[in-house]
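To start, the structure under review is shown below, and the notes come after it.
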Amino acid sequence: MSKENDLMKVPHKILEETYKAGMEAEEKNRSGTFYHVNQSTIYSKVNELFEGKIKLMDTKAALQKYTWLGDYMWKLVDKDKDEFTRKVAEDWSGGYFMRIMPGVEITFPLQSCLLITQNNLEQRVHNIIIAEEGSKAHIITSCVQHSSVPKASHLGVSEIYVRKGASLNFTMIHQWSENTLVRPRSAAEVDDKAAFVSNYVCMRPVKDVQMYPVAFCKGVNSTASFNSILYGNKKSSMDIGSKAVLTGKGSRAEMVSRAIAREGSKMIIRGLIEGSSPDCKGHLECRGLLVDEGDAILQSIPELIARRKGVEITHEAAVGKISEKEIAYLMTRKLSRDEAVSLIIRGFMDVSILGLPDSLNAEIKRVVEASTEAS
């Protein structure tokens, strides 16, 4: 792995774009910071306040240091799942390894950035996260393509383990370009009385993104939540879904999506909750808005599967358009039509569904508002 000061070799103009995607310029506000640029990890550092409480390093380096970590590779995600997982299995550049030690509560978020600055690059990474028993942490990962790079691809495999009584809140922010192919493949295993929250925010145009993370709630009273805030514009193609498999007694799952489609974008929002244990519960909710009169498409596909008596799973979905009455009212308040539409969109993209602490909530809200204003 490169030395810590390799971050200084990255031009400031490039780092500025990562800040727009939620990266924090002040490392004192983070428990750990990680940068993987193109095909190599250039920076990995734990805040001295959390030394011994967190392990943070490149995945390849971690596999060399911890022989036991090999048992966690390709356990939750099948390397033969599709052509993209096979590509990562065949040749990958690294990724982040994060381990929150048993009983540790991390008050500051862990943060990582997967950055592409090279044209036509196919970035392939494999990430592993282990939240040990009784731990508690927030992770923010920003996936960014520099605005000067017209075309690239990102293939990312992530395997997440949430051990007994642990709580992990994982927020992923994507900032791609209009000619980017994105294929994340991720899965989480949730143990007894453990909680996993997965948040996904995508606010910039992307050529084609398809993702379908799954949580296996195998533990007693385990819980999983998937929340998405999606903004499709400039002919973006987004096929976004999530899946929860409830096998643990009393396990729970919730999925909430907010999606806006405009300017010829095609959006499919999927959700599947599979209940296989008595007393498990799940709820799926999707709300979408069509902003333009053009050829944008927004499709919601909820799926509920009950395999045992006592399973209780529900869903609700609504797709509509912005009310002309709301626009007219705001225009009476001396806003232009574009300003009125922008204000309604920002209100619809309510980041409170992500369930973040106030400080993080404000950061993510800033990213969302900046993106809608820029578009």
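The values are calculated or read from the model by the stated rules, or taken from the named source; none is laboratory data. Note that the structure is predicted; figures quoted are calculated from it, not measured. When we count neighbours, we look across all protein chains shown, and the Cβ atoms used for this are built from the backbone with ideal geometry, even at glycine.
Listing for the model above:
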{"read-out": "Qualifying residues in the range 67-82 (those that are charged (D, E, K, R) and under 13 Å from residue 157 (Cβ atoms)) - the one surrounded by the fewest Cβ atoms within 10 Å (Cβ to Cβ)", "value": "80"}
{"read-out": "Qualifying position, being loosely packed, with under 13 Cβ neighbours inside 10 Å, polar (S, T, N, Q) and at negative phi, among 111, 64, 118", "value": "64"}
{"read-out": "Qualifying residue in the range 63-79 (condition: at pLDDT 95 or above, over 28 Å from residue 194 (Cα atoms) and touching a helix residue (DSSP H, G or I) at 6+ places or on another chain (Cβ under 9 Å))", "value": "no"}
{"read-out": "Tally of residues being surrounded by 12 or more Cβ atoms within 10 Å (Cβ to Cβ) and part of a loop (DSSP other than H, G, I, E, B) across the range 325-356", "value": "5"}
{"read-out": "Some residue of the range 134-143 being at pLDDT 95 or above, out of contact with any strand residue (DSSP E or B) (no Cβ under 6 Å at 6 or more places or on another chain) and assigned to a loop (DSSP other than H, G, I, E, B)", "value": "yes"}
{"read-out": "Any chance residue 84 is under 13 Å from residue 60 (Cα atoms) and at pLDDT 95 or above", "value": "no"}
{"read-out": "Selection count where residues are touching a Cys at 6+ places or on another chain (Cβ under 9 Å), among the charged types (D, E, K, R) and either at positive phi or outside any strand (DSSP E or B) (or both), scope the range 287-324", "value": "1"}
{"read-out": "Any hit, the range 259-272, residues being touching a residue at least 24 places away in the same chain (Cβ under 8 Å), in contact with a helix residue (DSSP H, G or I) (Cβ under 8 Å, 6 or more places away or on another chain) and surrounded by 21 or more Cβ atoms within 10 Å (Cβ to Cβ)", "value": "yes"}
{"read-out": "Residue in the range 166-173 that is within 16 Å of residue 270 (Cβ to Cβ), of a type outside the set (Ser, Thr, Tyr) and crowded, with 23+ Cβ neighbours inside 10 Å present", "value": "no"}
{"read-out": "Condition met for residue 296 (within 13 Å of residue 230 (Cβ to Cβ), in contact (Cβ under 8 Å) with a residue 60 or more places away in the chain and crowded, with 20+ Cβ neighbours inside 10 Å)", "value": "yes"}
{"read-out": "Residue count, the range 275-330 (criterion: over 30 Å from residue 252 (Cα atoms) and either out of contact with any Leu (no Cβ under 8 Å at 6 or more places or on another chain) or not small (Gly, Ala, Ser) (or both))", "value": "17"}
